[in-house]
Each structure stands twice: as C-alpha cells, then as structure tokens.
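Throughout, read-outs are computed from the coordinates displayed, never taken from laboratory work. Only a predicted model underlies this, so the values are computations on that prediction, with no experimental measurement involved. Every residue, glycine among them, receives a Cβ derived from its backbone with ideal geometry; neighbour counts consider all protein chains shown.
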Amino acid sequence: MPRISLRHFVLAGLSAVALQAGAAASETATLSVTIKNVATDKTLKLPDGSTTAAPIAPGAYAIVAEGVQPFERDKPAGSGGLESLAEDGNAEAFIAHLQGIKGVREAGMFVPGQAFEVTARPGERLVFATMFVQSNDLFLAPDPRGIALFDAAKKPASGDETAAVQLWDAGTEKNEAPGIGPDQAPRQKMANSGPDEHGVVRPVHDGFAYPAVADVVNVTVKAE
C-alpha cells in the first residue's frame, strides 16, 4: 500500500477549499442597475390645471439577504434616516443605517439615470428608496422585501423591474398637494420644516392625485 504523506493531505485540503471557493464565485453575478427619472414637465398635474416636472432625488440602495427589510409597512419610519430621505432627499443617514443591518452585504448611493454595478448571490435581493421630490415625505421603493435578483433556477435577473416599485408615504410630515406645498423640498425655507404627522410608512393614500409610477421612474437590471 503506498504511503500518503502529510504533504498530500495538505494539498488535497487546499484543492477542496479552492474548488468550494470557485463554486461560490461562479454563483456570484455582477449586475448593472439603472434607476431613471422619466418624468417630463407635463407629468405632474397641479390643482390649477397646469403641469410640472416630477423629479426624484439621489437615493439609497442595498443588496440584502432574503428576509432583510429596509423599512416596515404600517410601522413608524423610525430614526434610521428614512425621514430625511423622504422629506429632504438626503440619503446619507439612510445609507449609514443600511450598512449597519445584519444581512446587508453592500449599500450606497445612486444618482438617477446613472447605471451602477452590484454583485449578488442567489437568494439576495435589491432594495432602494428615492424621494418623490414634489412632496412632503413620499418616496419610491419596491416592497420592503426588495426585488429578487435570481430566478428559481439561480439565473440572474435581467430586464425591466419598474412594476415592482410603489409610491410610499413615510408618515413623518403632513401631506400637501403635490407640486405646490410650501413645506415641500423645492419650496421649503429649510430642511425638516413641515408639521409632524406621527404616522406610519404605507403606500400613499391621501386624496391627492399622483402620476403613475411608470411615468416617473424606470428601473432596469441587467446581468453583465
């Protein structure tokens, strides 16, 4: 029987580790994401019958494990930065909050219309949020669970994901008619200046008229 040296055991172990690492790497996909404002100067209809643009602000994104949620429906926005994102278009505090959540592998800021790359593994999802600027505290985001980046066969997602996006109310500031409110970001005297609402995060339902989500934003994910 041939003698097997310790060196052979070590080399065999290293080979097994390398194979496992290679398999894990092969499951990691690089994806290009674009979150683009597609509104025109006729998208938002004002109470007097005129129209105006419906811009979105630079927002926050993250790649998260299954079950990780950046906010909770029907719960207060809390102190994690969602308020400043939704009221003032300032995503920095929300990004810092995301980076501190267990199960978030990467998080950062995106600029509307500029593609950004993410890496993801099967089971991970894309979450993001961006302010609907002509409002007091509304933001555009997918369901809190996020957008699946792989299908059941572990194939990376690639296509238009706009249908997954909703217009949300952060519940932190009382709503005014979109596009004309004096406490809304384009017209307020200073950040965080409107009256508190003490509400909860929910899909917007305040009696005012808003454009369809697809008339404001387009979201695409493309496997590289």
Checklist entry - Could you give the nm distance between label points at residue 198 and residue 224, where each point is 7 Å from its Cα heading toward the beta carbon? => result 4.8 nm
Checklist entry - Given H placed on each backbone N at 1.01 Å, which residues far from residue 217 in sequence or on other chains put an amide H within less than 5 Å of it? => result 38
Checklist outcome for this item: In the chain, taking the dipole from +1 charges on Lys and Arg beta carbons and -1 charges on Asp and Glu beta carbons about the Cα centre, the listed residue (133, 212, 70) farthest towards the positive end is 70
Checklist entry - Going down the list 189/222; 45/154; 36/154; 75/155, which pairs span over 32 Å between their C-alpha atoms? => result 189/222; 45/154; 75/155
Checklist entry - From the square roots a ≥ b ≥ c of the eigenvalues of the alpha-carbon gyration tensor of region 107-148, which class results: rounded (a/c under 1.5), prolate (a/b over b/c), or oblate? => result oblate
Checklist outcome for this item: Given the candidates 156, 80, 175, the one whose Cα lies deepest towards the positive end of the charge dipole of the chain, counting +1 at each Lys or Arg C-beta and -1 at each Asp or Glu C-beta, is 156
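Only counting other Cβ atoms within 10 Å, I'd like 220, 28 sorted with the fewest neighbours first. Show your work: numbers first, answer last.
Numbers: 220 17, 28 12.
Going from sparsest to densest Cβ surroundings: 28, 220.
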Next on the checklist: Cut-off is 10 Å between beta-carbons; in what order do 92, 87, 117 appear when sorted fewest neighbours first?
Outcome noted: 117, 92, 87
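For the peptides 40-53, 67-80, what is the packing order when you average, over each peptide's residues, the other Cβ atoms within 10 Å and list the highest mean first?
The densest-packed peptide leads the list: 67-80, 40-53.
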Checklist entry - residue 180 label point, 7 Å along Cα→Cβ, cut-off 18 Å on backbone N: hits in region 195-224? => result 206-211
Next on the checklist: Using 0.36 nm times the number of residues separating residue 105 and residue 191, minus their current alpha carbon distance, what extension gain do you get?
Outcome noted: 27.9 nm
Item to check | Cβ-defined net charge surrounding residue 122, 11 Å radius [Lys, Arg +1; Asp, Glu -1] | outcome: 0
Item to check | Whole-Hz couplings from phi, Karplus 6.51/-1.76/1.60, listed for region 166-180; x for Gly and Pro | outcome: 10, 9, 10, 10, 6, x, 9, 9, 4, 7, 10, 4, x, x, 9
Next on the checklist: If you average the alpha carbon positions of region 156-207 and of region 90-109, how far apart do those two centres end up, in angstrom?
Outcome noted: 20 Å
Checklist outcome for this item: Quick note, region 166-218: a/c under 1.5 would make it rounded; otherwise a/b > b/c is prolate and the rest oblate (a ≥ b ≥ c, C-alpha gyration tensor); here it is oblate
Next on the checklist: Run the helix sum for the chain: -39,500 (n - 2.57) per DSSP H stretch of 4+ residues, divided by residue count, reported at 222 nm to the nearest 500 deg cm²/dmol.
Outcome noted: -5000 deg cm²/dmol
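Run the dipole for region 108-200 about the Cα centre, Lys and Arg Cβ at +1, Asp and Glu Cβ at -1, nothing else charged, and hand back the magnitude in debye, nearest 20.
Numbers: 8 positive and 13 negative charges, 63 e Å.
So the magnitude is around 300 debye.
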